[in-house]
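I have placed the structure first, in the form of structure tokens, so that the comments after it can refer back to it.
The values are calculated or read from the model by the stated rules, or taken from the named source; none is laboratory data. None of the values given here were measured: they were computed from a predicted structure. With ideal geometry, Cβ positions are generated from the backbone for all residues, glycine too; neighbour counts draw on all protein chains shown.
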Amino acid sequence: MIETQKNGIIIKGISGFYYVESENTVYECKARGIFRKEGITPLAGDRVKISIGANGKGWVEEIAPRTSYLERPPVANVDRIYIVVSAADPSPSPIVIDRLTAIAEDKEIEPVIVFNKTDLANVDEYIEIYKKAGFDTYTVCCSTGEGVDALRDTLVNKINVFAGNSGVGKSSLLNLICPEFDLKTGEISQKLGRGRHTTRHVELLKLSNGGYVADTPGFASIDMEKQWIYKENLQFAFREFKDYIGECKFTSCSHTGEKGCAIGDAVEKGIISKSRHQNYITLYREMEEIKDWERNKE
Ligand SMILES: Nc1nc2c(ncn2[C@@H]2O[C@H](COP(=O)(O)OP(=O)(O)OP(=O)(O)O)[C@@H](O)[C@H]2O)c(=O)[nH]1
Ligand SMILES: [Mg+2]
Ligand SMILES: [Zn+2]
């Protein structure tokens, strides 16, 4: 049998089939039984070696070690999470942003914050918070197309995931970035109420200038529930805390209001934003509630 070996990337997986993109061709592949035996599920984003038979169908033979992975949505080797926030309709929710930045940081994925719908309201107050925290922020407007070219340039040669509340304009933005994507937008059914998502499965879409993007379904998009962070690690998921960790009066300081807390002092001095610290406390309390057995179930 004639077999060709190729290197590629899984762009989606549907009921046991993996679609692997290699040199601009997509091959339908199955995974070798060895992966199941080893408890490995191939994911979108996996860099793989495939063999292609004479019929053009392939087998996933090898999966390269992952540099990162998200559980929900399941994507491997994500370089950046673009957290899309709309200036209005829906208005920005700092707790959603901070939850997503914390998940990203915990997984060593770079969070980037994108403010959309700038035709509807001013976002300066939020830009200030996130710039101060040390994030790259971008301002775009799908109605006017403003800022889209600059954003597109940042996606090149990377695996990027777009996340954020339903209705913030993720799909609209991706359609402007690459019109061929032709993603459905604005179909949140009024009749069925909130929470009905227009975007459903994970698929990596290839950008014409190299790189991939995944549009993820709305609401909080990246599901926190299955991506818990240990409360002890949460401090490291707030990058602006870094210089102060280890400087508190008590070595066991949780930075949630203890006396002599260096992070609390930096908040008082206005160096760290109040809103970020408040959300850190909220997330810390949530993490405290999670028992170890809950983390280990599934
Ligand atoms: N005024 C205004 N409306 C916008 C802008 N961008 C997107 N919209 C509208 O916002 C609505 C929601 O946009 P979508 O792109 O579907 O939002 P989404 O984030 O993909 O939503 P889900 O798929 O449900 O997560 C649509 O009706 C868009 O036309 C903008 O810059 N300004
Ligand atoms: Mg969408
Ligand atoms: Zn402290």
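Considering every residue within region 29-52, establish whether at least one is closer than 16 Å to N160 by Cα, among the basic types (K, R) and outside the structural domain of S171 (by TED's automatic domain parsing).
Filtering region 29-52 for residues closer than 16 Å to N160 by Cα gives 43-47.
Those still in the list that are among the basic types (K, R) too: 47.
Filter once more, keeping what is outside the structural domain of S171 (by TED's automatic domain parsing): 47.
Scanning region 29-52 turns up at least one residue that is closer than 16 Å to N160 by Cα, among the basic types (K, R) and outside the structural domain of S171 (by TED's automatic domain parsing).
Taking the stated definitions as given, is R66 part of a loop (DSSP other than H, G, I, E, B) and within 12 Å of the chain's Cα centre (by Cα)?
no
Every residue in region 264-294 that is closer than 24 Å to E128 by Cα, of a type outside the set (S, T, N, Q) and either part of a loop (DSSP other than H, G, I, E, B) or away from ligand 3 (no atom under 16 Å from the Cβ) (or both), please.
K269, G270, I271, I272
If V20 meets every condition in (1) closer than 24 Å to R72 by Cα; (2) part of a loop (DSSP other than H, G, I, E, B) apart from one, which number is that one?
All conditions are met except number (2).
Select the helices (runs of 4 or more DSSP H) contained entirely in region 86-193, then report the ones holding at least 3 residues which are in contact (Cβ under 8 Å) with a residue 60 or more places away in the chain, exposed (fewer than 13 other Cβ atoms within 10 Å of the Cβ) and charged (D, E, K, R). Steps first, please.
On the way: elements: 94-106, 124-133, 148-153, 170-177.
Once the helices (runs of 4 or more DSSP H) in region 86-193 are filtered for at least 3 residues that are in contact (Cβ under 8 Å) with a residue 60 or more places away in the chain, exposed (fewer than 13 other Cβ atoms within 10 Å of the Cβ) and charged (D, E, K, R), nothing remains.
Since F219 meets every condition but one in (1) in a loop (DSSP other than H, G, I, E, B); (2) at pLDDT 95 or above; (3) of a type in the set (F, W, Y), which condition does it not meet?
With (1) in a loop (DSSP other than H, G, I, E, B); (2) at pLDDT 95 or above; (3) of a type in the set (F, W, Y) applied to F219, the lone miss is (2).
Could you please give the count of residues in region 230-263 that are near ligand 3 (Cβ under 9 Å from one of its atoms), in contact (Cβ under 8 Å) with a residue 12 or more places away in the chain, farther than 20 Å from F135 by Cα and touching a Phe, Trp or Tyr at 6+ places or on another chain (Cβ under 9 Å)?
Looking only at that region, the number is 6.
Of the numbered conditions (1) in contact with a strand residue (DSSP E or B) (Cβ under 8 Å, 6 or more places away or on another chain); (2) buried (at least 20 other Cβ atoms within 10 Å of the Cβ); (3) modelled with pLDDT of 95 or more; (4) more than 20 Å from G169 (Cα to Cα), E62 satisfies every one except a single condition; which is it?
Going through the list (1) in contact with a strand residue (DSSP E or B) (Cβ under 8 Å, 6 or more places away or on another chain); (2) buried (at least 20 other Cβ atoms within 10 Å of the Cβ); (3) modelled with pLDDT of 95 or more; (4) more than 20 Å from G169 (Cα to Cα), E62 breaks only (2).
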